[in-house]
Amino acid sequence: MPTAVAVGLAIAAVFILALRYKPWAVGVIVVLVLGLAAVEYFDRVREKGYQPASVPGIVACVAAPVAVYHYGVEALPLVLVLTLVALTVSHIGSSGVESKGRVT
């Protein structure tokens with residue numbers, strides 16, 4: 001727990017410095033944190049025995065804020081549609097749809 005608190009304080013300090021520096025620096029921090037959170041999420045899901053489409057999911061988590069920053073909120077549906085297409089292609093191209101998760 002002390003390590004988590006120290007990391008949280010360090011991230012908060014970098015975030016405050018970025019707020020004072022440039023707006024795009026805050027965007028970079030947000031994208032990095034979202035990317036790392038997505039990687040950790042998909043790792044945890046995989047540990048439980050499921051087989052998520054990790055690459056399209058992580059790319060969508062990173063692409064959504066980048067697209068909104070550069071093109072506005074109107075770009076978000078495009079990101080979602082492209083993510084759906086990527087998920088569909090990865091599902092069709094997979095070797096099987098069996099999940100190794102526990103049924104409760």
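Take residue 9 and decide whether it is farther than 15 Å from residue 64 by Cα and either open to solvent by 60 Å² or more (accessible area, probe 1.4 Å) or touching a Leu at 6+ places or on another chain (Cβ under 9 Å) (or both).
The answer is yes for residue 9.
With respect to residue 55, is the statement that it is hydrophobic (A, V, I, L, M, F, W, C) and open to solvent by less than 100 Å² (accessible area, probe 1.4 Å) true?
Considered against the rule, which asks whether it is hydrophobic (A, V, I, L, M, F, W, C) and open to solvent by less than 100 Å² (accessible area, probe 1.4 Å), residue 55 comes out as no.
Would you confirm, using the coordinates I've provided, whether residue 99 is within 19 Å of the chain's Cα centre (by Cα), surrounded by 12 or more Cβ atoms within 10 Å (Cβ to Cβ) and modelled with pLDDT under 85?
The answer is no for residue 99.
Looking at region 6-31, I want the residues that are touching a residue at least 24 places away in the same chain (Cβ under 8 Å) and have a partner that is surrounded by 11 or more Cβ atoms within 10 Å (Cβ to Cβ) and aromatic (Phe, Trp, Tyr) with Cβ atoms under 6 Å, at least 6 apart or on another chain. Which pairs are those?
Listed by first residue and then by second, the contacts come to 27/69.
For the structure I just gave you, tell me whether residue 27 is at pLDDT below 90, farther than 30 Å from residue 95 by Cβ and surrounded by 12 or more Cβ atoms within 10 Å (Cβ to Cβ).
So residue 27 fits the description; yes.
The values are calculated or read from the model by the stated rules, or taken from the named source; none is laboratory data. All values reported here derive from a predicted model rather than from experimental measurement. Virtual Cβ from ideal backbone geometry, glycine too; neighbours counted across all protein chains shown. Heads up: the accessible areas ignore ligands, DNA and RNA and are worked out on the full protein's heavy atoms, side chains in. Shrake-Rupley method; radii C 1.70, N 1.55, O 1.52, S 1.80 Å.
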